[in-house]
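Read the structure below first, then the notes.
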Amino acid sequence: MKKSTIWAIAIIMGFSFLALLFLQFSYVEEMVKMKKEQFDESVNRSLYQASRNLEMNETLRYLEKDVNETERRAFTQDSVMIDGLDGTIKHSHQFAVAADDGTVYSSFQLKTFEMKPSSVPKAMILRKDKSSLEDATKTMQEIVRNRYVYQKALLDEVVYNILYTASDKPLKERVNFRLLDKDIRVELINNGINIPYHFTVSTTDGREVYRCPDYSDEGKEYTYSQVLFRNDPQSKMGIVRIHFPEMNSYIFSSVRFMIPSIIFTIVLLLTFLFTIVVIFRQKRYTEIKNDFINNMTHELKTPIASISLAAQMMNDESVAKSEQMTKHLSSVITDESKRLRFLVEKVLQMSMFDKKSVVFKKKELDLNEMVEQIAQTFTLRVEHTGGKIYTEIEAIDSAIYVDEVHFQNAITNLMDNAVKYRKQDEPLNIYIRTWNDQEKLYLSIRDTGQGIKKENLKKIFDKFYRVHTGNKHDVKGFGLGLAYVKKVVDLHQGDIKAESEVGKGTKFTISLPVIKED
């Protein structure tokens, strides 16, 4: 599949997932907004009803007080009425109040006894005639009319008392805070809100009159208020303020069911991104392997061709074979066979590392001695370029516990790379240094070669990776050398770092644990 096709699919799928997440978050935001508006409306409705209950309770108290005072001034009045239909005698026991002009008004009927004529003495049965019924009817109408006039005047008097007497009292005497708390709680529950709240009561000028016992400022950024006694003069009004510490939890509880959906969408998005990364990584590995196969084919063809040509010349009877020529052809076959075996072993070594079947034969060695031996081996190759190898042996505790063959091969690969990637027609200098501190033993190999670009520097330890040099094959190798070095150092609990600058050279630094004496 082409890289452009993969990118197109990735962009479309990524955009779809992001759009889905955006819609889900928008839906959650809209639900939270609606829940908040509903919550505000319910709280304001509850506070308004609680304030009305407070005013009605105050009115009721004054009515009861006025009625009680009126009944203390009243006298008892009994009356007897005969029902014209079934002859029932109704005996009323009433309180009456005398007005200033001497007129008697009926107050409240406390008790009525219904009696049948057969259950009372005959003397108590009044004579029923037409005139007495008409008089009784007129009398009842007059009593009802007079009672209405009196009760209306009584209510007017109570209202005036509330307006001019009740509002003169301090706010804390007019409000029963316990009853107000109960009313607020009941009204909130009736409106579907059953969460803790805190409230205060204050005057219109900001003086706090009451604060609930468990009051805290948590959640105070969302405060609701309601005026108490809103028909009183402004200076006599009160204000109740309420806030909810757990309001956010209550609001977001309505959208909790959306959280799993959002989480699953995010998981799918991350899985998709991981899949795309894996696809590109596999595609890159495929390209690297293809490049490796092409490079390996070229590397293997050269020694095979040399061996084949030498073998053909030895078998060709038309070619005169002197002892010197036979020795030369035999030397070519031997050298190219060694080169071919070396290339194959390199591939097999990395295969063994991948399968984790390699076994190290570790023993205690001296890093300083190993470095000097390897430096001597490469002296002729470096001096052939007109350069020189400089060694700085500064490590005091230079003992290391490593596999001699593999670790020596790792250092040799670094030296070999320095020679391979030197500047053409310029002398190559290599600087080798060893030193240590209390925890680590260090080895650095710095050359004055071509250097490596920054974008390639982080990939040089990848298997099969080679810095692109066009279609030239003047530098031999499979891109396995530095990957091999990295594996060997890691398996010895060490670390390797690379620093490079194009045109100035490259520096590799290996750090290993110091062997401490018991």
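The values are calculated or read from the model by the stated rules, or taken from the named source; none is laboratory data. For clarity, every value in this text was computed on a predicted model and none was experimentally measured. Areas reflect the complete protein model, heavy atoms only, side chains present, ligands, DNA and RNA absent. Shrake-Rupley method; radii C 1.70, N 1.55, O 1.52, S 1.80 Å.
Classify the stretch 385-444 from the C-alpha gyration tensor, please: rounded if a/c falls under 1.5, else prolate or oblate depending on whether a/b exceeds b/c.
Cα axes put the stretch 385-444 in the oblate bin.
Answer rounded, prolate or oblate for the stretch 238-324, using the Cα gyration tensor with square roots of eigenvalues a ≥ b ≥ c: rounded when a/c is under 1.5, else prolate when a/b is larger than b/c, else oblate. Could you put the intermediate results ahead of the total?
Values: a/c = 12.89, a/b = 7.34, b/c = 1.76.
Prolate is the answer for the stretch 238-324, as a/c is 1.5 or above and a/b outweighs b/c.
Roughly how many whole Å is it from the C-alpha centroid of the stretch 177-202 to that of the stretch 17-52?
With the stretch 177-202 and the stretch 17-52 each reduced to a Cα centre, they are spaced 20 Å.
For a 19 Å ceiling on Cα separation, which of these pairs sit above it: LYS361/LYS420; LYS458/LYS507; LYS458/LYS487; LYS420/LYS487; LYS440/LYS486?
As for pairs spanning more than 19 Å Cα to Cα, those are LYS361/LYS420; LYS420/LYS487.
Would you check the accessible area of MET314, probe 1.4 Å, heavy atoms only, in square angstrom rounded to 10?
Here the accessible area works out near 80 Å².
Using the heavy atoms of the protein chains and a 1.4 angstrom probe, tell me the accessible area per residue for the stretch 160-310 in square angstrom.
On the way: 9140 Å² over 151 residues.
Per-residue value: 60 Å².
Quick check on my link table: of LYS388/LYS497; LYS363/LYS497; LYS2/LYS283; LYS36/LYS220; LYS459/LYS497, which ones sit more than 20 Å apart, alpha carbon to alpha carbon?
On the way: LYS388/LYS497 24 Å; LYS363/LYS497 24 Å; LYS2/LYS283 10 Å; LYS36/LYS220 15 Å; LYS459/LYS497 12 Å.
Cα-Cα > 20 Å for LYS388/LYS497; LYS363/LYS497; rest within.
Please calculate the 1.4 Å probe accessible area of LYS459, with all protein chains present, and give it to the nearest 10 Å².
Spelled out: LYS459, probe radius 1.4 Å, area about 70 Å².
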